[in-house]
1. FRET efficiency for Lys38 and Ala180, Cβ-Cβ distance as r, R0 = 30 Å, nearest 0.05?
2. If Lys and Arg each add +1 and Asp and Glu each add -1, what is the summed charge of the other residues whose beta carbon sits under 10 Å from the beta carbon of Gln25?
3. Can you grab the distance from the C-alpha centre of the stretch 1-43 to the C-alpha centre of the stretch 160-179, Å, no decimals?
4. Which residue fluctuates most in the GNM of the chain (Cα springs below 10 Å): Gly92, Gly78, Gly70?
5. Once ligands and nucleic acids are excluded and a 1.4 Å probe is used, how much of Leu96 is accessible, expressed in Å² to the nearest 10?
6. Would you mind checking the pairs Lys38/Lys143; Lys61/Lys143; Lys99/Lys143; Lys6/Lys38; Lys6/Lys142 and listing those with alpha carbons more than 30 angstrom apart?
7. Taking all protein chains together and a probe of 1.4 Å, list Ser145, Ser20 from the most accessible to the least accessible.
8. Per 10 Å bin, what percent of the C-alpha pairs of the stretch 1-71 does each bin hold, from zero upward?
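The values are calculated or read from the model by the stated rules, or taken from the named source; none is laboratory data. Here the structure is a predicted model, which means the values were calculated and not measured. So basically every Cβ, Gly included, is an ideal-geometry build from the backbone, and we count neighbours across all protein chains shown. These accessible areas exclude ligands, DNA and RNA; they are computed on the full protein's heavy atoms, side chains included. Shrake-Rupley method; radii C 1.70, N 1.55, O 1.52, S 1.80 Å.
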Amino acid sequence: MTVNRKFFFDHVRAGLFGGSLNQTQVENLDAILDYWEKQAAAHDDRWLAYALATAYHETDKTFGPIAEYGHGKGRPYGLPDPQTHLIYYGRGLVQLTWKRNYKTCGDLLGVELVADPEKALQLEYAIPILFIGMERGLFTGKKLSDYLHDTTEDWVHARRIINGLDCADMIAGYARIFYAALSYTT
């Protein structure tokens with residue numbers, strides 16, 4: 001099964017983008033949906049909706065991997081690491097932070113992220129980091145299945161997967177729009 005792209009784009013274009021998307025946004029969203037269809041479609045569609053809402057928020061609506069504004073300045077993870085002298089500020093679709101998270105995600109993907117954290121800005125790595133991290137609870141210990149499963153639909157508290165309750169209501173609203181945009185074709 002594949003996501004009905006016309007239905008999806010018509011709905012998110014109207015509901016979240018003021019009627020228009022640029023070509024880069026479309027290509028990035030297509031890449032995310034392609035990954036979902038190949039790797040994760042057996043999971044709950046609400047997981048996809050929440051991941052899309054997170055990426056929408058964390059990338060300033062670009063759906064392209066971006067570096068954290070300010071590069072972690074004033075935050076503990078924004079200081080150079082004593083061993084590598086690199087800074088593990090937020091990067092990607094989900095704003096991956098902290099050296100230990102770069103290590104864990106790099107190990108899972110078979111890519112060196114500790115020595116080269118800029119790789120988290122490449123879509124080919126940023127997309128699986130988004131999904132794997134949220135599915136397995138790699139960022140905060142909370143995971144998608146804690147909030148979205150057979151008997152629970154807690155869009156607001158799902159924000160704890162990434163960043164406490166920062167902007168939780170707003171992101172929950174985005175997730176509901178993405179969820180309504182999901183339809184499948186065979």
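1. Between Lys38 and Ala180 the formula returns 0.80.
2. Working: positive: Arg13, Lys61; negative: Glu27, Asp30.
Neighbourhood net charge equals 0.
3. After rounding, the separation between the Cα centres reads 18 Å.
4. Looking only at Gly92, Gly78, Gly70, the biggest GNM fluctuation is shown by Gly70.
5. Rounded to the nearest 10, the figure is 0 Å².
6. On the way: Lys38/Lys143 21 Å; Lys61/Lys143 23 Å; Lys99/Lys143 20 Å; Lys6/Lys38 19 Å; Lys6/Lys142 33 Å.
Correct reply: Lys6/Lys142.
7. Ser20, Ser145
8. 18, 54, 24, 3, 0
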